[in-house]
Amino acid sequence: MSGCEFTLEELRHDKPREECGVVGVFNHPEAANLAYLSLYAQQHRGQEGAGIVSYNAEDDEFHTIKGQGLVPDIFSHAKLQKLPGNFAIGHNRYSTAGGAGLKNVQPLVAKSALGTIAMAHNGNLTNADLLREQLEEQGAIFQSSIDSEVLLHLIARSREKSFPRRIIDAIAQVKGGFSLIFLTEDSLVGVRDPHGFRPLSLGRFLDGGYVLASETCAFDLIGAEFERDIRPGEMVVINGSEVSSCMPFQIHEGAFCIFEYVYFSRVDSKIGGNTVWTVRKNQGRFLARETPVEADVVIPVPDSGVATAMGFAEESGIPYEMGLIRNHYVGRTFIEPQSSIRHFGVKIKLNPVREVIEGKRVVVVDDSIVRGTTSRKIVEMIRRAGAREVHMRIGSPKIISPCFYGIDTPTREELIGSSNNVEEIRQHLTADTLGYLSEEGLLAASPKLGGYCTACFSGNYPVNVVFDKPEQGGLFQGG
Ligand code: AMP
């Protein structure tokens, strides 16, 4: 890999990444309202912007409303009324530096010779740069800087005679992690990439309509029944009252993002038949077995560490308490990337409960350490609240490599785990002890789903990342 790494990190920095939530509602008189509620339930998947596109057969128009910020701040009652029709798709966006701005908020809508198509994408296309360059050379004009837009160009250029066939044609040319929802004038289409990096589930309304969403917590809010997960490499086309399914892509080894179970998905969502809460608690149990410690109290870093800490407490027999309280009204603005603001953010977000901590040997449990900034502040905070000892326990292995398939992780240099061993990280955090769950432990604690992507912990990337320029080496094969 020598000589390639620099370019790879540049690639990470420059491109807006799509760590997002998607939804599609088909054949329901309140399609836009339900899309709104689904985005609201999936707010944790992206807080920087959101959009809904509806299709109204009566005026034969696609209607779009997008904005920056949180879902309830973007969509007022009056705005939702401007999204008529029985079909709607929506998207929550989580971008990073360089990727913000309204032009990058999805869903994207394009007119083609076959009609109009709208698209919402969760994931990351690893060969998008190369495809974009080729398309631009051929005269294509892009509206946004997001990788997803290449798909719309590929669909528009396809010679196939129907949208589903064009979608297959386009997707066959892209690589990476993607769960996609498309809306046309008569169909809702859902696709999961052949590795199945990102989740996508199908739900049904009792009165006949259908819904696709990144996470099942959206179904619970809108009263839809969970039908099933979309399979890796599967495309479903919902048309009228029919759901047809096909497996048009070459199937690869399963690589579901294990970080969805560790951190990203909401704990009440069900993935692969397993509720995230149960899986995460199990990760905590394994963590307690692998990294035992004598202590008086187990406390979570709320909210991300709650399930893991409960599992740890149950397994170890150490009492569980809420020793840190989170202010839920702090927006993501306070954890924006600049480090000066991040430091401030931890204090604004979390406050210790002195009675729980004072004079105690405290185990503090979180799901992951990324830069180490938050954990260090938390250890300091717990000590200042009078803890006798602070033992940090993490429900996943050391994060050593960036994600290229749709989770926002910083560059390799910013990941504290990439260049420091556990003892060095412990010193940085100023904890008495530090324990991570091993990769074997994480896999053993998680459901047997047919293969996981663990690239952020192992550096083994299941799908190549393509450089901008072939002369720079063409392909990056991690590991
Ligand atoms: P830090 O180590 O200071 O960068 O932050 C670690 C915290 O960030 C942990 O509490 C995690 O729950 C949380 N975290 C992990 N991954 C992400 C992510 N992709 N985006 C935002 N927060 C994350």
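Odds and ends about this structure:
- Options Val267, Val279; residue that is assigned to a loop (DSSP other than H, G, I, E, B) and within 16 Å of the ligand (Cβ to nearest atom): Val267
- Of all residues in the range 409-434, none that is assigned by TED's automatic domain parsing to the domain that holds Tyr94 and among the charged types (D, E, K, R) has its Cβ atom under 9 Å from the Cβ atom of a residue that is within 12 Å of the ligand (Cβ to nearest atom) and open to solvent by 60 Å² or more (accessible area, probe 1.4 Å), 6 or more apart or on another chain.
- In the condition set (1) at pLDDT 95 or above; (2) open to solvent by 10 Å² or more (accessible area, probe 1.4 Å), Leu324 is compliant with all but (2).
- Taking the criterion of being at pLDDT 95 or above and either out of contact with any strand residue (DSSP E or B) (no Cβ under 9 Å at 6 or more places or on another chain) or of a type in the set (D, E, K, R) (or both), the residues of the range 433-449 that qualify are Ser438, Glu439, Glu440, Gly441, Ala444, Ala445.
- Checking each residue in the range 348-358 for being within 13 Å of the ligand (Cβ to nearest atom) and without any contact (Cβ under 8 Å) to a residue 40 or more places away in the chain picks out only Lys349.
- Count of residues meeting criterion [open to solvent by 20 Å² or more (accessible area, probe 1.4 Å) and either farther than 16 Å from Pro107 by Cα or not polar (S, T, N, Q) (or both)] in the range 35-47: 4
- Hits in the range 151-195 - residues which are under 20 Å from Ile141 (Cα atoms), in contact (Cβ under 8 Å) with a residue 40 or more places away in the chain and of a type in the set (Gly, Ala, Ser): Ala156
- Restricting the range 282-321 to residues that are assigned to a loop (DSSP other than H, G, I, E, B) and acidic (Asp, Glu) leaves a set whose member that is farthest from the ligand (Cβ to nearest atom) is Glu294.
This table checks each residue for (1) under 20 Å from Ser244 (Cβ atoms); (2) open to solvent by 60 Å² or more (accessible area, probe 1.4 Å); (3) modelled with pLDDT of 95 or more; (4) out of contact with any strand residue (DSSP E or B) (no Cβ under 8 Å at 6 or more places or on another chain).
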position: Arg93; (1), (2), (3), (4): no, no, no, no
position: Asp129; (1), (2), (3), (4): no, no, no, no
position: Leu135; (1), (2), (3), (4): no, no, yes, yes
position: Val150; (1), (2), (3), (4): no, no, yes, no
position: Ile167; (1), (2), (3), (4): yes, no, yes, no
position: Ala170; (1), (2), (3), (4): yes, no, yes, yes
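- The numbered conditions (1) closer than 21 Å to Gln43 by Cα; (2) without any contact (Cβ under 8 Å) to a residue 40 or more places away in the chain; (3) assigned to a loop (DSSP other than H, G, I, E, B); (4) of a type outside the set (Asp, Glu) are all true for Leu206 except (1).
- Under the condition of being open to solvent by 10 Å² or more (accessible area, probe 1.4 Å) and closer than 16 Å to Gly90 by Cα, the residues counted in the range 102-115 number 5.
- Helices (runs of 4 or more DSSP H) contained entirely in the range 359-448, each with at least 2 residues that are within 11 Å of the ligand (Cβ to nearest atom) and open to solvent by 10 Å² or more (accessible area, probe 1.4 Å): 373-384
- Verdict on Ile230 being within 16 Å of the ligand (Cβ to nearest atom), open to solvent by less than 30 Å² (accessible area, probe 1.4 Å) and of a type outside the set (D, E, K, R): no
- Criterion (among the acidic types (Asp, Glu), open to solvent by less than 70 Å² (accessible area, probe 1.4 Å) and either at pLDDT 95 or above or at negative phi (or both)) met by exactly one of Glu294, Glu336: Glu336
The values are calculated or read from the model by the stated rules, or taken from the named source; none is laboratory data. All values reported here derive from a predicted model rather than from experimental measurement. As a convention, Cβ positions derive from the backbone with ideal geometry for all residues, glycine included, and neighbour counts pool all protein chains shown. Please note that ligands, DNA and RNA were not included when accessible areas were found on the heavy atoms of the full protein model with its side chains. Shrake-Rupley method; radii C 1.70, N 1.55, O 1.52, S 1.80 Å.
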